[in-house]
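Structure first, then comments.
The values are calculated or read from the model by the stated rules, or taken from the named source; none is laboratory data. Remember, it's a predicted structure, so these values are computed and weren't measured experimentally. When we count neighbours, we look across all protein chains shown, and the Cβ atoms used for this are built from the backbone with ideal geometry, even at glycine.
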Amino acid sequence: MTFDQPERKSLAQQSVDDWEALRSVGELFPGTPLADSASELPAWPENLQGTPVVLAVGAADLVLRIAASTARDLALVVTEDVAAARAVLDSLGREDVNVTAEASAVAEVPGEGQVRWIGAGRDTSALASLIDSEVVGRLRVTQLQVDGGAGPVLEAAAAGRLKLDLVSPNPDDGELGPAVVVAGGLALPFVDFRQVPVGVDALGRFQPQQGGVVLWWGVSTESGALQAWLDRVDGGR
C-alpha cells in the first residue's frame with residue numbers, strides 16, 4: 001500500500017499567488033475592464049486536505065484499489081457489491097475503511113466539517129438519495145461524468161444545496177479513464193479544472209451547455225499522466 005502523490009505544494013501556492021495578483025489588479029483600477037474581469041473571478045477552491053473521503057463506486061475494480069492505495073483519508077465506501085469491496089480493502093490493509101450499500105451511512109462519518117464525496121460510478125443514484133438530507137450540506141462532490149441521471153444532482157447544485165465538481169475521462173486513457181475521478185477528488189496537479197457552464201442532455205448526462213450552471217470541470221489533459229500515476233500506486237494493473 002502506498003499514499004505516494006506528486007509534489008504539488010509549490011504549484012498550488014503559485015496558482016494562489018496568481019489568483020490573488022489578478023484580484024489585486026482589479027482593485028487598483030476600479031471602473032475598468034480589468035476591474036470587471038477581476039470581479040468575475042470565482043472564489044478560490046477550499047483546501048480539503050485532511051477531510052474524510054467517501055467513495056461511491058459501482059464495482060470493486062481498479063477505481064476502488066486506486067482510492068484505497070492513494071487516499072489516506074478514505075473513511076467509507078458506498079457500493080452495491082459490499083462483500084467484494086470489503087475483500088479488496090482488506091487485501092490492501094485498509095481494514096479501517098467501512099463499506100456499506102447505504103449512502104445514508106455518510107452521516108456517520110466522524111466530524112462536523114466537510115466530507116469529500118468521490119462519485120466514481122456510472123450513475124448518481126447514491127448521491128441523489130442524499131440530496132434532500134441534512135448531510136448534503138457537508139459534501140464536496142467530485143463526480144465522474146455519468147451516462148444518465150444527472151438532472152437531480154445538477155438541480156441541487158444550481159439551487160446551492162450541493163457543492164459539485166465534475167471530471168471527464170480523457171479518451172486517450174481508455175479503460176483506465178474512470179480512475180481520473182480519484183485524482184480529481186484528491187486535487188492532483190495533472191487534472192486540469194476549469195469553470196464550465198453545464199446542463200443535461202437528452203440522455204440525462206452532464207454536458208457543457210451555454211447558459212448552464214457554472215461548475216468546475218476537470219480532465220487529465222496530458223496523455224500518459226494518469227498511467228504514470230497508476231504505475232506508482234497500483235503497479236499499472
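Looking only at segment 150-160, decide whether some residue is acidic (Asp, Glu) and under 20 Å from residue 226 (Cβ atoms). No, there is no match, as no residue in segment 150-160 is acidic (Asp, Glu) and under 20 Å from residue 226 (Cβ atoms). If the condition is being among the charged types (D, E, K, R), outside any helix (DSSP H, G or I) and within 15 Å of the chain's Cα centre (by Cα), then segment 114-168 contributes 116, 122, 123, 140, 163, 165. Pairs meeting the criteria (first residue in segment 129-141 and farther than 16 Å from residue 155 by Cβ, second residue in a helix (DSSP H, G or I), beta carbons under 6 Å, at least 6 apart or on different chains) are 135/106; 135/107.
Within segment 110-120, one or more residues are modelled with pLDDT under 80, touching a helix residue (DSSP H, G or I) at 6+ places or on another chain (Cβ under 8 Å) and either farther than 27 Å from residue 218 by Cα or in the same structural domain as residue 139 (by TED's automatic domain parsing) (or both). Among the criteria (1) in a helix (DSSP H, G or I); (2) within 16 Å of the chain's Cα centre (by Cα), the one residue 188 does not fulfil is (1).
Scanning segment 103-113 for residues that are surrounded by fewer than 16 Cβ atoms within 10 Å (Cβ to Cβ) and assigned to a loop (DSSP other than H, G, I, E, B) yields 110, 111, 112, 113. Do we find that residue 83 is farther than 24 Å from residue 230 by Cα and out of contact with any Lys or Arg (no Cβ under 8 Å at 6 or more places or on another chain) in this structure? Here the answer is yes, as residue 83 does meet what is asked. Checked against the criterion of being in a loop (DSSP other than H, G, I, E, B), touching a residue at least 24 places away in the same chain (Cβ under 8 Å), among the hydroxyl-bearing types (Ser, Thr, Tyr) and more than 27 Å from residue 93 (Cβ to Cβ), segment 211-231 has at least one qualifying residue. Among the residues of segment 197-210, those that are in a strand (DSSP E or B) and closer than 16 Å to residue 146 by Cβ comprise 198, 199, 200, 206, 207, 208.
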